[in-house]
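The values are calculated or read from the model by the stated rules, or taken from the named source; none is laboratory data. Because the structure is a prediction, the values reported are computed rather than measured. Cβ atoms come from the backbone with ideal geometry, glycine included; neighbour counts cover every protein chain shown. For the accessible areas, the whole protein counts, side chains as well, though only heavy atoms, and no ligand, DNA or RNA atoms are used. Shrake-Rupley method; radii C 1.70, N 1.55, O 1.52, S 1.80 Å.
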Amino acid sequence: MLKRTNIILTVLLIAQIVIASGLALTSNSTTVVSDEPLLADFSSESVIEMIIQDDLDNQVRFVRSDDSWVLPSADDFLVNSIQVEDVLTKVGTFKTNRLIATNPTSHTRLEVQDEDFRRKLTLISDEGSEEILFGTDGGVNTTHTRRAGDNNVYLTTGLNSWELQTQISSW
């Protein structure tokens, strides 16, 4: 009886190997990973306004004024321009080479939904605006990031959601 069971299990194992090999060889789906920027043709110098919103509907808005950044909601109070420019520089380094998810059902788990996110960064220039949603941390110095209107979620480095504070005193 034991010998017959072993033969059946061996035949099933061989069948599984053949099926798996066949699927692997006939699969037409290939994942193309590109090293393109997340925001095509992005230039931090072209950004004239930046808005950061958190998951509690708090937000802070910055407007470029000559060579500095101001808070229009606080009588054009000057903020630390180096800190604002640092955020813009980091956003300009985001790449699409670490694709994490393409299915909108993953947006909830990664906290990058249009209405449910950790941080939303809106960048406004003369050419238009871009919204980037920041979600959960993906590891050391990495964050799940998605452009609004795009289903792809990427793992980006250099800027974490907690660095995008919505309290004016942080800037």
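In this structure, does residue 162 turn out to be out of contact with any Phe, Trp or Tyr (no Cβ under 8 Å at 6 or more places or on another chain) and either free of Cβ contacts under 8 Å to residues at least 12 places away in the same chain or aromatic (Phe, Trp, Tyr) (or both)?
Criteria met by residue 162.
Every residue, every condition in (1) assigned to a helix (DSSP H, G or I); (2) at pLDDT below 90, yes or no:
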| residue | (1), (2) |
| --- | --- |
| 22 | yes, yes |
| 25 | yes, yes |
| 34 | no, yes |
| 89 | yes, no |
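Of all residues in the range 58-68, how many are free of Cβ contacts under 8 Å to residues at least 40 places away in the same chain and among the hydrophobic types (A, V, I, L, M, F, W, C)?
Residues flagged as free of Cβ contacts under 8 Å to residues at least 40 places away in the same chain and among the hydrophobic types (A, V, I, L, M, F, W, C) within the range 58-68 amount to 1.
When the residues of the range 90-106 are narrowed to those that are surrounded by 13 or more Cβ atoms within 10 Å (Cβ to Cβ) and among the hydroxyl-bearing types (Ser, Thr, Tyr), which ends up nearest to residue 45 (Cα to Cα)?
93
Would you confirm, using the coordinates I've provided, whether residue 109 is at pLDDT 90 or above, open to solvent by 80 Å² or more (accessible area, probe 1.4 Å) and either in contact with a strand residue (DSSP E or B) (Cβ under 7 Å, 6 or more places away or on another chain) or part of a strand (DSSP E or B) (or both)?
Here the answer is no, as residue 109 does not meet what is asked.
From 57, 41, grab the single residue that is over 18 Å from residue 136 (Cα atoms), outside any helix (DSSP H, G or I) and either in contact with a strand residue (DSSP E or B) (Cβ under 6 Å, 6 or more places away or on another chain) or open to solvent by 100 Å² or more (accessible area, probe 1.4 Å) (or both).
Answer to the selection: 41.
Listed residues 116, 150, 76, 86; which is in contact (Cβ under 8 Å) with a residue 40 or more places away in the chain and either basic (Lys, Arg) or open to solvent by 30 Å² or more (accessible area, probe 1.4 Å) (or both)?
So the residue among 116, 150, 76, 86 that is in contact (Cβ under 8 Å) with a residue 40 or more places away in the chain and either basic (Lys, Arg) or open to solvent by 30 Å² or more (accessible area, probe 1.4 Å) (or both) is 116.
Among (1) in contact with a Ser or Thr (Cβ under 9 Å, 6 or more places away or on another chain); (2) more than 18 Å from residue 92 (Cβ to Cβ); (3) not hydroxyl-bearing (Ser, Thr, Tyr), which single condition is residue 119 missing?
It fails just one condition, (2).
Do we have residue 159 as open to solvent by less than 30 Å² (accessible area, probe 1.4 Å), under 16 Å from residue 52 (Cβ atoms) and not in a strand (DSSP E or B) here?
yes
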